[in-house]
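Following: one structure in structure tokens, then a few remarks.
The values are calculated or read from the model by the stated rules, or taken from the named source; none is laboratory data. Predicted model, so just to flag it, every value in this text is computed and none were measured. Methodologically, a virtual Cβ is constructed for each residue, glycine included, from the backbone with ideal geometry; neighbour enumeration extends over all protein chains shown. All accessible areas refer to the heavy atoms of the entire protein, side chains included, with ligands and DNA or RNA removed. Shrake-Rupley method; radii C 1.70, N 1.55, O 1.52, S 1.80 Å.
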Amino acid sequence: MRTVSLVIVLSHAAFGQAPAPPPEFEVADVQVSKSVNPERGKGRVLPGGRIEVPNSTLKNLIMAAYNVQENMITGGPGWLDSDRFDIVAKAPPNTPPDTLFLMLRSLLAERFKLTIHREDKPMPVYAMVVGKGGPKLSKAAGGQQTCRWITPGNGRVQRECQNMTMQQLASDIPKWGMARVDLPVVDLTEIQGSYDFRLEWSIPSGRGEGKADAPAADDLAGSTIFDAMSQVGLKLEPRKRPVPVIVIDHAERVPTSN
């Protein structure tokens, strides 16, 4: 009887515990950007946990914090795409990327009073599915998840990744500027686990890791990311499916003071 009573007490104690607060940066400075450059800056993580995100719109910051593409954000005021901000923040050294994104969410909620909700919206996507011959993937041996660009020449580009799941691959492809994929990619492979792989295709015109625009006509002369997927036994098919999108409920134009 004492054992049963103890279990009940512990269960009630656990049930009554408040959820852990979301992680936050140790310090953060948010300023309206004074840059006249129309291009957004590239965020970087420096040694010691220093984070720098220059000349970014609030929509850019939301995209990064919630790991979504631009067309997966709806609502909000018009200045989300125009006003630009500089952020310098400090996180503990070696903070995992996923935790940094959670910290950025906390920062946006605190300084911009950002509130959002999610809802499913039917929209065009690319479904990542297994090809006729089956997957051609090498099981990862473990270790850190990494990806890098390789340019072997002859107008080609390679994307090499270690220890990546299919869900992560689908999420990342639209962010590869040199892939030129302009729609969300949904993983329908049902492949579990992590894998190592390398994809190779022709470098599109206007190359670079920027916004993933639709491929230009002259880009289609060589192989594309759609052709490259067959190298690992997968393919991308255009479909229409409900996709979780971010709906902006509220955001304040002037961030609160540091």
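Report whether or not Gln167 is surrounded by fewer than 16 Cβ atoms within 10 Å (Cβ to Cβ), within 18 Å of the chain's Cα centre (by Cα) and within 29 Å of Pro22 (Cβ to Cβ). Spelling it out, Gln167 is indeed surrounded by fewer than 16 Cβ atoms within 10 Å (Cβ to Cβ), within 18 Å of the chain's Cα centre (by Cα) and within 29 Å of Pro22 (Cβ to Cβ).
Selection of segment 23-55 for residues being under 18 Å from Lys90 (Cβ atoms), touching a residue at least 24 places away in the same chain (Cβ under 8 Å) and part of a strand (DSSP E or B) yields Val27, Ala28, Asp29, Val30, Gln31, Val45, Arg50, Ile51, Glu52, Val53, Pro54. Of the set (1) touching a Lys or Arg at 6+ places or on another chain (Cβ under 7 Å); (2) hydrophobic (A, V, I, L, M, F, W, C); (3) in a loop (DSSP other than H, G, I, E, B), all apply to Val68 but (1). Among the residues of segment 222-238, those identified as hydrophobic (A, V, I, L, M, F, W, C) and open to solvent by less than 30 Å² (accessible area, probe 1.4 Å) are Ile225, Ala228, Met229, Val232, Leu234, Leu236. Take segment 239-258 and flag every residue that is surrounded by 15 or more Cβ atoms within 10 Å (Cβ to Cβ), outside any strand (DSSP E or B) and aliphatic (A, V, I, L, M). Scanning segment 239-258 gives a single hit, Ala251. In segment 33-53, of all residues being open to solvent by less than 50 Å² (accessible area, probe 1.4 Å) and farther than 17 Å from Met103 by Cα, the one that is nearest to the chain's Cα centre (by Cα) corresponds to Gly41. Checking segment 137-147 against the condition returns no match, with no residue being in contact (Cβ under 8 Å) with a residue 24 or more places away in the chain and of a type in the set (Val, Ile, Thr).
Matching residues to (1) surrounded by fewer than 19 Cβ atoms within 10 Å (Cβ to Cβ); (2) farther than 23 Å from Glu24 by Cα:
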{"site": "Pro92", "(1), (2)": "yes, no"}
{"site": "Phe101", "(1), (2)": "yes, no"}
{"site": "Thr115", "(1), (2)": "yes, no"}
{"site": "Asp120", "(1), (2)": "yes, yes"}
{"site": "Trp149", "(1), (2)": "yes, yes"}
{"site": "Asp172", "(1), (2)": "yes, yes"}
{"site": "Asp182", "(1), (2)": "yes, yes"}
{"site": "Leu199", "(1), (2)": "no, yes"}
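Go through segment 71-86 and report how many residues are outside any helix (DSSP H, G or I) and either of a type in the set (Gly, Ala, Ser) or under 17 Å from Val245 (Cα atoms) (or both).
So the answer is 6.
When segment 133-169 is filtered for residues that are part of a loop (DSSP other than H, G, I, E, B) and in contact with a Gly (Cβ under 9 Å, 6 or more places away or on another chain), the ones remaining, listed by number, are Gly133, Gly134, Pro135, Lys136, Leu137, Ala140, Gly155.
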